[in-house]
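Q: The structure that follows is given in the form of structure tokens.
The values are calculated or read from the model by the stated rules, or taken from the named source; none is laboratory data. Please read these numbers as outputs of a predicted model, since none were measured by experiment. Quick reminder, even Gly has a Cβ in these numbers, built from the backbone with ideal geometry, and neighbours come from all protein chains shown. For accessibility, only protein heavy atoms count, side chains too; no ligands or nucleic acids. Shrake-Rupley method; radii C 1.70, N 1.55, O 1.52, S 1.80 Å.
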Amino acid sequence: MVVQCTSFGINGIDGYRVEVEASARAGLPAFDLVGLPDAAVKESKDRVRSALSNCGYRLPSAHFTFNLAPADIKKEGPIYDLPITVNLMRLSGYIQADLSRCAFIGELSLSGGLRPVNGVLPMVITAREQGVEKIFVPFQNGAEAAVVEGIDVYPIRSITQLKTVLDGELEMAPAKPVKACNISSSDFLPDFSQVKGQLEVKRAMEIAAAGGHNILLIGPPGSGKSMLAKRVPSILPDMTFSEMIETTKIHSIAGMLRGEGLITARPFRSPHHTVTAVGLGGGGTGTIRPGEVSLAHHGVLFLDELPEFSRTALEVLRQPIEDGVITISRSGQNCTYPCSIMVIAAMNPCPCGYFGDPKHHCTCSGQKIRRYLNRVSGPLLDRFDIHVEVPPVEFEELRATEHSERSADIKKRVDRARALQQKRFEGSRTTCNAKINAEQFEKYCVIDKKAEQTLKNAFDSLGFTARAYDRVLKVARTIADLENEEVIRSRHVLEAVQYRSLDRKYWSTT
């Protein structure tokens with residue numbers, strides 16, 4: 001006798017269908033599991049048999065064979081415990097229901113309870129696309145699975161409850177998605193009104209947020225670099241539903257949802273400078289997991305004390321920043337994760353932090369300063385659209401009684417600029433000015449004659465690379481959008497050029 005039920009697996013951020021087949025034949029009691037299972041999948045037989053026994057279900061004395069198809073894809077994790085259990089119960093006569101339109105995902109405890117698993121959201125999305133009508137998941141995964149419309153999601157606590165539902169003894173309504181809160185997530189974020197002074201830096205932050213540009217902050221200790229960076233999410237545009245789904249899928253695969261539904265606030269990831277290249281980019285032994293660069297997808301990746309990161313870890317960022325995706329290749333595995341991010345980096349100008357500071361004496365030698373700054377390679381530095389110096393705050397600014405501009409007011413301007421960009425790039429994969437491709441560059445970065453001469457003078461005198469030229473024009477495009485200008489003017493180019501001067505001030509003079 002052969003029975004079959006449907007489950008799913010994960011490849012990158014997408015799910016794929018797995019048919020779990022089972023057969024029983026006369027012979028000595030045995031339990032064979034084939035279909036390229038990893039160690040966690042092979043251990044399913046012990047968990048399943050113990051769970052069934054502890055729930056009062058007796059298995060016939062037979063030789064059971066289970067196949068996880070397609071057999072040429074490696075199956076990972078304990079997510080197949082539940083479909084294997086369902087097939088065993090069908091072979092043993094405990095379940096008689098028609099399961100042709102059902103799917104099962106879940107890990108079993110030895111007592112028969114279901115434990116949550118990673119990656120439920122992308123698997124449920126794939127199940128809906130492939131015509132599955134009902135899917136049974138662990139109770140703790142119910143909130144994220146219920147986000148997907150067009151499929152009935154049943155959060156199950158145990159195999160005993162599952163049997164009663166399948167047999168029709170227990171009427172169970174499908175899970176409903178948790179209603180979104182009407183309060184904006186930005187209401188709970190640190191606000192720019194709490195920052196004294198630093199008007200020029202706030203302006204640069206506004207431009208970066210409006211165009212999705214990467215920004216590098218350089219300044220002495222205590223000048224407010226980290227404080228400013230942590231307030232950027234409060235002025236970023238609200239996430240679209242598709243962005244919420246993509247971001248939630250990545251966090252689901254990483255096991256970071258903790259029973260929650262959709263992620264509605266843009267991620268802000270701030271890894272410590274001791275993070276490894278694998279921790280930053282993703283990978284690992286065995287199962288490939290998304291790294292910090294992917295966990296920040298559609299949000300902000302903040303790298304504080306940039307030169308303190310290992311050179312290997314920093315160089316991992318070069319290709320993902322440029323392409324918006326990162327491909328991780330391991331023996332027999334190849335996964336691609338999206339990482340459309342805004343990178344904010346902060347650093348001191350030297351090891352002691354006071355190189356170039358008019359009020360503090362720098363104790364570093366020229367060689368130490370050069371060695372410190374050269375930890376940030378030229379190609380990586382070139383990928384920051386905006387470089388801005390963060391000076392120390394004066395006493396008078398700290399004691400000022402007038403309030404600074406609120407994040408909500410800055411966000412209104414950012415939203416207007418992003419709305420222009422969404423209309424401009426409608427129908428393409430480009431989402432903001434920082435992501436303009438070569439084909440769109442000629443069409444949308446139109447400058448007048450005076451602006452062209454200004455840019456030529458800057459290109460010749462400052463020695464811009466071709467990449468720097470592109471990034472200056474993209475920043476100028478964003479500045480023009482903030483002023484609701486269709487054509488890039490000379491003043492827009494001049495402001496954009498001033499944000500590309502610190503690499504010459506620090507890296508070229510040490």
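Q: Residue farthest toward the positive end of the dipole of the stretch 192-301, with Cβ of Lys/Arg at +1 and Asp/Glu at -1: which of Val275, His213, Gln194?
A: Gln194
Q: If each residue of separation counts as 0.36 nm, what is the full-extension length gain between Ala419 and Ala39 once their alpha-carbon separation is subtracted? Could the numbers behind the result be given before it?
A: Values: separation 380, 0.36 × 380 = 136.80 nm, distance 4.95 nm.
Contour length minus Cα-Cα distance gives 131.9 nm.
Q: Sticking with this structure for a sec: If amide H atoms are built 1.01 Å from N in the plane of the peptide, which residues on other chains or at least 5 residues away come under 5 Å of the amide H of Gly283?
A: Excluding prolines and chain starts, which carry no amide H, the hits are Arg289, Gly291.
Q: What is the sum of charges around Pro70, taking Lys and Arg as +1, Asp and Glu as -1, for the other residues whose C-beta is under 11 Å from the C-beta of Pro70?
A: Values: positive: Arg17, Lys74, Lys75; negative: Glu19, Asp72.
My count for the surroundings of Pro70 gives +1.
Q: By how many degrees, 0 to 90 and rounded to 10, does the Cα axis of helix 81-91 deviate from the longest principal axis of the chain?
A: 20
Q: Another question, then. Could you pull out the trypsin sites (Lys or Arg not before Pro) across the stretch 32-120 that fall in loop regions by DSSP (anything but H, G, I, E, B) with no more than 11 other Cβ atoms inside 10 Å?
A: Arg58
Q: Next question, about the same structure. For Gly35, what residues show an amide H to amide H distance below 5 Å, using hydrogens built from the backbone and excluding near sequence neighbours?
A: Answer set, sorted by chain and number: Leu68.
Q: Give me the angle, in degrees from 0 to 90, between the Cα long axis of helix 407-424 and the longest principal axis of the Cα atoms of the chain, rounded to the nearest 10.
A: Helix 407-424 sits roughly 80 degrees off the main axis of the chain.
Q: Which whole-number percentage describes the relative contact order of the stretch 1-114, with Cα contacts under 8 Å and a sequence gap of 6 or more?
A: Details: 235 pairs, mean separation 40.8, N = 114.
Relative contact order here is 36 percent.
Q: Relative to 2.2 N^0.38 Å, what does the C-alpha radius of gyration of the stretch 186-325 come to as a ratio? Two decimals please.
A: On the way: Rg = 15.7 Å, N = 140, 2.2 N^0.38 = 14.4 Å.
That ratio works out to 1.09.
Q: In addition: Give me a comma-separated list of calculated 3J(HN,Hα) values for the stretch 166-173, in order, Karplus coefficients 6.51, -1.76, 1.60 applied at θ = phi - 60°, integers in Hz, x for any Gly or Pro.
A: Residue by residue, the stretch 166-173 yields 5, 7, x, 6, 10, 7, 10, 7 Hz.
Q: Angle check, please: helix 44-54 long axis (alpha carbons) against the longest principal axis of the chain (alpha carbons), in degrees 0 to 90, nearest 10.
A: Taking Cα atoms only, the helix is inclined about 60 degrees.
Q: For the pair Thr160/Phe395, report the inter-label distance in nm, with labels modelled 7 Å from Cα in the Cβ direction.
A: Between Thr160 and Phe395, the label points sit 7.3 nm apart.
Q: Ok, one more. In percent, what relative contact order does the chain have, based on Cα pairs under 8 Å that are 6 or more apart in sequence?
A: Values: 979 pairs, mean separation 66.2, N = 510.
Relative contact order comes out at 13 percent.
Q: Still on this model: Where in the stretch 406-434 is the amide nitrogen less than 19 Å from a point lying 7 Å along the Cα-to-Cβ axis of Arg491?
A: What the label zone holds, given the 19 Å backbone N cut-off, is 413-414, 417.
Q: For the stretch 315-335 and the stretch 350-389, what is the centre-to-centre distance using only Cα atoms, to the nearest Å?
A: For the stretch 315-335 versus the stretch 350-389, the Cα centre distance is 29 Å.
Q: Still on this structure: Let me test this: with uniform point scatterers at the alpha carbons of the stretch 340-494, what is the Debye-based log₁₀ I(q)/I(0) at q = 0.10, 0.16 1/Å?
A: Results for the stretch 340-494 at q = 0.10, 0.16 Å⁻¹ read -0.52, -1.11.
Q: For Gln4 paired with Asp470, estimate the spin-label separation in nm (one decimal), with each label point 7 Å from Cα along the Cα-to-Cβ line.
A: Those two pseudo-labels are separated by 4.8 nm.
Q: Keeping the other protein chains in place, figure out the carbon and sulfur percent of the accessible area of the stretch 413-461, with a 1.4 Å probe. Intermediate values should be presented prior to the final figure.
A: On the way: 1610 of 3260 Å².
Whole-percent figure for carbon plus sulfur exposure: 49.
Q: Around Ala313, under 12 Å between beta carbons, what's the net of Lys plus Arg minus Asp minus Glu among the other residues? Write out the running numbers ahead of the final one.
A: Details: positive: Arg311, Arg318, Arg375; negative: Glu292, Glu308, Glu315.
So the environment of Ala313 carries a net charge of 0.
Q: Once phi is turned into ³J(HN,Hα) by the Karplus curve 6.51 cos²θ - 1.76 cosθ + 1.60 with θ = phi - 60°, what whole-Hz value does each residue of the stretch 364-376 show in order, with x for glycine and proline?
A: 8, 6, x, 5, 5, 5, 4, 5, 5, 5, 6, 5, 9
Q: What per residue convex hull volume, in Å³, comes out for the chain when only alpha-carbon positions are used?
A: Numbers: hull volume 86.9 nm³, N = 510.
Dividing the Cα hull volume of the chain by its residues yields 170 Å³.
Q: Taking Cα pairs under 8 Å and at least six residues apart, what relative contact order does the stretch 331-485 come out at, in percent? Don't jump to the answer; show the numbers that get you there.
A: On the way: 66 pairs, mean separation 31.9, N = 155.
Rounded, it is 21 percent for the stretch 331-485.
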